[in-house]
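A short reminder: the numbers here are calculations on the coordinates, not readings from a lab. It should be emphasised that the depicted structure is a prediction, and the values quoted were computed from it without experimental measurement. When we count neighbours, we look across all protein chains shown, and the Cβ atoms used for this are built from the backbone with ideal geometry, even at glycine.
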Amino acid sequence: MNGPEVVSEQEWQAAWEALLVKEKEHTRALDALAAERRRMPMVRVGKDYVFQGPDGPASLLDLFDGRRQLIVYSFMWNDGEHFCSGCSMFTDNVGHLAHLHARDTSLVLASRGPLEEITPFKERMGWTIPWFSSLGTGFNEDMGAGDGFGLNVFLRDGDEVYRTYFTTGRGVERLGSIWTFLDLTPLGRQETWEDSPEGRPQTEPYEWWRLHDEYAGREA
């Protein structure tokens, strides 16, 4: 394997300081982007969606659970036997919801699959995030996820619900700390699309992703 160049402590420090300048610029750019996102207009959600949850039917308003903000991750659903490894990795990376709740924000999953298939998979994965079935509601299509995945943000004003933000693709991927952690390492994500030095290990994207209990011979 062609690893990083070995240098002196002084050379490493100089290289790190040069990179730090660019990282700080990137951080400030992300701060500016977040500020612009906070100033995005919003659109009223006028359709009455009826989700199915562990406590029965639930409206979009119910998903807020009394809080002012709501994040809904549309978890891509194939069937009760084939589960999206990317959505599963994203969900594995979600931290304790108490921290979001402390800022008046709820986070839930929604899938176009029947609750009787969602529930046993949720239990298998050991997740406690509220997960609702959006099957037959049109929610995924209306909110940009379609047959795939996506993340929507909503704001509640009394009983009125407004859509404020949407992202999918790598916009969702950026939220998962597994990818963020790997981006800090010399081998990176080890995927063929990355700009890495010659000789670093790489495989095709998505092929290495597994459910966390399916990595053969590795700690789950």
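Summary of computed values
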{"read-out": "Exposed chymotrypsin sites (Phe, Trp or Tyr not before Pro) absent - longest run of the chain, DSSP non-H/G/I/E/B, at most 16 other C-beta within 10 Å", "value": "1-126"}
{"read-out": "Low-density loop positions, trypsin sites (Lys or Arg not before Pro), segment 35-91 - DSSP coil, at most 13 other Cβ in 10 Å", "value": "Arg39, Lys47, Arg68"}
{"read-out": "Dipole magnitude of the chain about its Cα centre (Cβ charges: Lys, Arg +1; Asp, Glu -1), debye to nearest 20", "value": "800"}
{"read-out": "Qualifying GluC sites (Glu not before Pro) in segment 140-220, DSSP loop, other Cβ atoms within 10 Å at most 14", "value": "Glu194, Glu198, Glu207, Glu214, Glu219"}
{"read-out": "GluC sites (Glu not before Pro) restricted to DSSP loop in segment 80-118 with at most 13 other C-beta within 10 Å", "value": "Glu81"}
{"read-out": "Positive-pole candidate from Thr185, Asn78, Val161, dipole of the chain, charges at beta carbon", "value": "Val161"}
{"read-out": "Amide H contacts of Glu191 (H built 1.01 Å from N, under 5 Å, at least 5 apart or other chain)", "value": "Thr203"}
{"read-out": "GNM result for the chain, Cα springs below 10 Å: residue of Thr128, Thr27, Thr119 fluctuating most strongly", "value": "Thr27"}
{"read-out": "Contact order normalised by residue count of the chain, Cα under 8 Å, 6+ apart, percent", "value": "24"}
{"read-out": "Shape metrics for segment 120-211, restricted to C-alpha atoms - Rg then Dmax, Å", "value": "17.6, 57"}
{"read-out": "DSSP beta bridges in segment 43-167 [antiparallel fraction, %, rounded to 5]", "value": "70"}
{"read-out": "Antiparallel bridge percentage (DSSP; both residues within the chain; nearest 5)", "value": "70"}
{"read-out": "Matching label, Rg/Rh (Cα atoms, Kirkwood Rh) computed from the structure shown, candidates [x] 0.95; [y] 1.02; [z] 0.99", "value": "[y]"}
